[in-house]
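The values are calculated or read from the model by the stated rules, or taken from the named source; none is laboratory data. Just so we're clear, the structure is a prediction, and the values are computed from it rather than from any experiment. For neighbour counting, all protein chains shown are included, and Cβ atoms are generated from backbone atoms with ideal geometry for every residue, glycine included.
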Amino acid sequence: MKIEQKKIPVSTRGFNDIINISDVLQQAVADTQIKNGYLLVFIPGSTAGITTIEYEPGLLRDIPEMLDRIAPTNTRYHHDDTWHDGNGYAHVRAALIGPSLMIPIEDRRLVLGTWQQVVLIDFDNRPRKRTLHLQVAGQ
C-alpha cells in the first residue's frame, strides 16, 4: 500500500460557511499515483467539520437552520465562560459533524453518489484560514 499526503489551504467566512470541496479533493486524488484505495480528509481545529450533502441552495439554508435548533448561537455555553470568545456553539456543532471523512477511490475517482458532494463547514464566529489535510492511500 502506498500513502500520499497533501495539504490544501482554504479561506472561510465562518458563521456556517459551507464550502464544496469535492472538485479540490478529486483533483488531489487525480494528481497521485493511487488508482484504487481511499481518501482521508481531515480539518484540524475544533470549530469546523467535514461531511457530505447535496450542495444545493435549499440545503445550504437548511443545514445552518437545523444546527441553530440543535446548538443555538444565543444560548449560554460553559466554553464561553472559560475563554470569553463567544464561539461555544461552534465547538458543539463541530463535535456533531466531525472533523474527518473517508471516501473510497476507484479508478482514480472518488466514489460519491450522483448528488453527493463533500463540504467543509466552518462554524466559528469569524473568518479563518484553514488547512485540509489529505491522505490518499491504496495501490
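Some points to look at:
- Restricting the stretch 36-94 to residues that are of a type in the set (Asp, Glu) and more than 17 Å from the chain's Cα centre (by Cα), the residue that is nearest to residue 111 (Cα to Cα): 65
- Selection status of residue 3, surrounded by fewer than 15 Cβ atoms within 10 Å (Cβ to Cβ) and over 13 Å from the mean Cα position of the chain (by Cα): yes
- The lone exception for residue 82 - which of (1) over 30 Å from residue 34 (Cα atoms); (2) crowded, with 16+ Cβ neighbours inside 10 Å; (3) hydroxyl-bearing (Ser, Thr, Tyr) it fails: (2)
- Answer from 50, 43, 34, 18 - the residue that is aliphatic (A, V, I, L, M), farther than 18 Å from residue 130 by Cβ and modelled with pLDDT of 95 or more: 34
- Selection of the stretch 31-62 for residues being more than 18 Å from residue 112 (Cβ to Cβ), surrounded by 17 or more Cβ atoms within 10 Å (Cβ to Cβ) and polar (S, T, N, Q) yields only 47.
- Under the condition of being of a type in the set (Lys, Arg) and touching a residue at least 40 places away in the same chain (Cβ under 8 Å), the residues counted in the stretch 47-104 number 1.
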